[in-house]
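The structure appears below as structure tokens.
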Amino acid sequence: MNQLSKNSQNMIDKENLFGAHNYNPLDVVCSKGEGVFLTDVDGKKYMDFLAAYSAVNQGHNHPYIATAMIQQIQKLALTSRAFRNDAFPPLLEKLCMLTGFDKALLMNSGAEAVETAIKAIRKWGYEVKGIEYPKAEIVVAEGNFHGRTTTIVGFSTDPDSNSGFGPYGHGFVVVPYGDIQAVEKAITPNTAAIFMEPIQGEGGVVIPPSGFLKALRETADKNNCLLIFDEIQSGLGRTGKMFAFEHEGIRPDGVTIGKALSGGFYPVSAFLSSKEVMDVFTPGIHGSTYGGNPLACAVASAALDVIVNEKLVLHSAELGIHFEKRLQKMKTKKIEEIRCRGLWAGIQLKPSAGKARQYCYQLKERGMLCKDTHEQTIRLAPPLIITQEQLDWAIDQIESVLG
């Protein structure tokens, strides 16, 4: 099923020997990326349908972002926030003008953005809402994926994430995803926020019932608590809107973003929120040596320019309609459900079809890379620069292996 060259096998053997086994990747050793394609060490080209979990929405090695990175790294890469730099303020302005939020706090990884949001939520709960310390609670969802720090996995319901890392802290109330009655029942005077993904990416592109996000907004307003969305995978154009919450015409009190914020070049993440929430941060209580560094800011600024100038959000919306229609019309009896929003889809297989990973390997052999999740789901997330012709070719491959 997976014939490897000596070159590839040598790389894989070294990784297994010297690296921790905290991932179980497909056996393809990539050495180059350009646009929607990855090339392995043997020169074989693959169409990338994972896009590094939405980090390369702009496509691999986008020349505009690469140029911005090279120019900045030749001038100034890092000062830390101990001093000011001339790349930081323009990015803050661009982020806020583009997204409509008052303020941004930059970090590095997506998990750090989530940790930042948690700290902001709790401090707002104590200082603004007046919750008795330390009783603040955050309502979260089953099936969530927000990162892998010890705090975050403490409210995960995935055994792979939370087994063997306790003891965990208190303050998180887990409810079924998409169940507004359960959310309402979970709210108490100590609730500081509702914090969820508007679409669960790692869960398999799980889309909540229509009206759920709007109901979350109403529930938060009614109970004087914040509504914060994790848009690290779903944001910046993936679903056919700049943010997934826009599909229901609402605005949360804050969002976490990352991944596509750098176009795949450099770890950059941010927590965006209102002035009222951000004002809980004072000097010294939160930070990062690399957070908001000049190199990160130059890369993120260029990555945002590409999303806007190349109209990737609109492209995702328009091509997403075709994407869903093609997926729904595939001739196969192995599919239980297709979940699609923009250029993001989860193919849920019937148990009788076997595990999804085998089909990912078959697609690899055909020159297409995608990833399984939770055993029965194939995730599809191509770079947003993909053409309809390329998209149709990929769907033809999927239909062939599932036929």
Choice from 196, 330, 242 with maximal GNM fluctuation in the chain (Cα, 10 Å cutoff) = 330
Cα to Cα, under 20 Å, and not fewer than 8 places away if on the same chain: which lysines meet these conditions relative to residue 355?
-> 331, 333, 334, 364, 371
Restricting to the chain, compute how many DSSP beta bridges are antiparallel as a %, nearest 5.
-> 65 percent
With springs only between Cα atoms under 10 Å apart, run a GNM on the chain and tell me which of 30, 370, 360 wobbles the most.
-> 30
Between rounded, prolate and oblate, where does the stretch 218-342 land on the alpha carbon gyration tensor, with a ≥ b ≥ c its root eigenvalues, rounded for a/c under 1.5, else prolate if a/b exceeds b/c?
-> oblate
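Can you tell me the dipole magnitude for the chain around its Cα centre, using point charges on the Cβ only (Lys, Arg +1; Asp, Glu -1), in Debye to the nearest 20?
320 debye
Per 0.36 nm of contour for each residue apart, how much would the distance between residue 355 and residue 13 grow if the chain were fully extended, relative to their Cα-Cα spacing?
120.6 nm
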Only Cα pairs under 8 Å and at least 6 apart count here; give the relative contact order of the stretch 160-233 as a rounded whole percent.
-> 34 percent
Which value, in Å to one decimal place, does the Kirkwood hydrodynamic radius take for the stretch 1-87 when every pair of different Cα atoms is included?
-> 15.9 Å
Rounded if a/c is under 1.5, else prolate if a/b beats b/c, else oblate: with a ≥ b ≥ c from the C-alpha gyration tensor eigenvalues square-rooted, which is the stretch 40-174?
-> oblate
Could you tell me what percent of the accessible area of the stretch 87-194 is made up of carbon and sulfur, with a 1.4 Å probe and every protein chain present?
-> 54 percent
Expressed as a whole percentage, what fraction of the accessible surface of the stretch 252-403 belongs to carbon and sulfur atoms when a 1.4 Å probe is rolled over the protein heavy atoms?
-> 49 percent
Leaving out ligands and nucleic acids, note down the accessible area per residue over the chain with a 1.4 angstrom probe, in whole Å².
-> 45 Å²
With contacts defined as alpha carbon pairs under 8 Å and 6 or more residues apart, what's the relative contact order of the chain in percent?
-> 23 percent
Given 174, 95, 349, which one lies farthest toward the positive end of the charge dipole of the chain, if we put +1 on the Cβ of every Lys and Arg and -1 on the Cβ of every Asp and Glu?
-> 349
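The values are calculated or read from the model by the stated rules, or taken from the named source; none is laboratory data. In this text the structure is predicted, and so the values were computed from the model without any measurement. No Cβ is skipped: glycine too gets one built from the backbone with ideal geometry, and neighbour counts run over all protein chains shown. Keep in mind that these areas ignore ligands, DNA and RNA; they rest on the heavy atoms of the full protein, side chains included. Shrake-Rupley method; radii C 1.70, N 1.55, O 1.52, S 1.80 Å.
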